[in-house]
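Here's the structure, in structure tokens; my notes come after.
All of the numbers you see were taken from the coordinates with simple rules; none came from a lab. Predicted model, so just to flag it, every value in this text is computed and none were measured. Methodologically, a virtual Cβ is constructed for each residue, glycine included, from the backbone with ideal geometry; neighbour enumeration extends over all protein chains shown.
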Amino acid sequence: MKLTEYIPREPFLALHNRQKRWACIVAHRRAGKTVADVADLVIGALECQLPNPQFAYIAPLREQAKRIAWEYLKDMCEGMTAKKPNESELKIEVNNSAGGVSKIYVAGSDRPDALRGLYFDGVVMDEIGQIRPSAWYGVLRATLSDRNGWAIWTGTPAGKNMFWNLREEARLNPETHLLIEAPASETKIIDESELEAAKAMMTEADYLREYECSFDASVPGTYFANLMNDAYHENRIGDFPAQSGRKVEAVADLGYTDSTSWWIWQTTHEGYRIVMHYEDNGREIQHYIDWLKSLPYDIEKVWLPHDAKAKSLQTGRSIIEVFLKNGIRPSLVPELSVQDGIEAARQVIPKCVFDESATYEGTEHLRAYRRSYDEKTQTFRNRPRHDEHSHSADSFRYLALAAKNIEPKSSTIIVPPKVRTRTMYEFTLDDLWKDCGPRRAGRIGD
């Protein structure tokens, strides 16, 4: 449809009338958010008074962006273009009210470096939950600075990822951000009979996520999402800094080309107090040793995975030897399978409190940790997906295997769930520790 024929749906009126620089739209499937996004881009391009304005619609993938928005954009701009749309560059130029020409690009975040060097007066990031955070924070945010450009983030929830972070930012900063939340039960865009039919065919989590815009509904295939949601609703994620006078333990999943992830925790009579998470990549081991020494904690023990015994071809020394040279005598995490570690983590999480400010990124990684998916068989494999969430989750698996096995006493801080979490395994954390034995866990030199 042409822009002159566009009639905004009620949930998106506030978007077109906004005076704020940032806008976050959380809308159900088929609400019409992409059409509203494209219309707002065209309106912005027509009204911009700055010289040589540029705007962009960004989707997770370029081909996806082309399928979703390119035809809408061409239709919206019909009769207003300065020249024929550029099909190879996915670019349209329109005559604006200042007597100049505004450019509108359609692009994908899968090649964010292709956007470096550009400037934008406004961008739309659609399906933002599927876009890598580095595309926004590392590339696109800077493209708006010199022109004081605006941004719209839109999508449907898929767990607590960057989209949730942006939604929280909008919720907590109403003076600078517009937040539109449009669940199907409120918009009435989709007939009630269709919603009932969808509800009957879908799982509850799928329906809540796709139609009711729930960030808490677990994503299919996740290992810990429900447990982390329980922790949030039971107020076990909050203000829980390290207790003074009590020692801490540290555990790491080590990597050089990949990320290295650390968790710091205290074992108390009430359970496990998770007081810090830290992750970085491309760093030498010495960086993490220096970081550990800089912490304001009395570290009782440092745990490393079993592959820390392997010698590096570059240095001829193992990671353990580097720690020993720096005066740190590490212990090795019990050598159990990935699935055993996942089950141990499932049993430990209900006994944990997390200091939210110091573990925020780590808890979000735990929520998103999931099984890999087989497209051919359309089933989840019995192994984790390797992605940006893996390292923090692997490190937490090691924490669960290394942590002292305790039975929390009654406490005002932690109330253990009445129903134990069980999946395909029928054993307890006690069983895991018995299975470890002295051969499979211990300090170096013991």
Between helix 390-402 and the chain: long-axis angle, C-alpha atoms, 0 to 90°, nearest 10: 20
Added length on full extension, which subtracts the Cα-Cα distance from 0.36 nm per residue, A142 to E181: 11.4 nm
- prompt: Relative to the longest principal Cα axis of the chain, at what angle does helix 285-294 sit, 0 to 90 degrees, rounded to 10?
  reply: 80
field: For the chain, alpha-carbon Rg relative to the globular expectation (2.2 N^0.38 Å, N residues)
entry: 1.13
message: Which entries of K74/K199; K160/K404; K20/K103 have Cα-Cα distances beyond 24 Å here?
response: K74/K199; K160/K404
message: 7 Å from Cα along Cα→Cβ at both S193 and E63: what's the point-to-point distance in nm?
response: 3.8
task: May I ask you to sort F396, F240 by Cβ crowding, counting other Cβ atoms within 10 Å and putting the fewest first?
output: F240, F396
- request: For a footprinting-style exposure proxy, rank M80, M202, M162 by other Cβ within 10 Å, fewest first.
  value: M202, M80, M162
- prompt: Hey, how many Å between the Cα centroid of the stretch 76-109 and the Cα centroid of the stretch 378-397?
  reply: 42
- line: In degrees, nearest 10, the alpha-carbon axis of helix 192-201 is tilted away from the dominant principal axis of the alpha carbons of the chain by 30
message: If each residue of separation counts as 0.36 nm, what is the full-extension length gain between I299 and H16 once their alpha-carbon separation is subtracted?
response: 96.5 nm
- request: Using label points projected 7 Å from each Cα along Cα→Cβ, tell me how many nm separate H233 and N382, to one decimal.
  value: 3.0
statement: In whole angstrom, the spacing between the Cα centers of the stretch 1-42 and the stretch 159-230 equals 19
- prompt: Once the Cα gyration tensor of the stretch 3-210 is found, what semi-axes does its equivalent ellipsoid get, as square roots of 5 times the eigenvalues, in whole Å, sorted largest first?
  reply: 28, 19, 17
field: Residues L13, L46 arranged by fewest to most Cβ contacts within 10 Å
entry: L13, L46
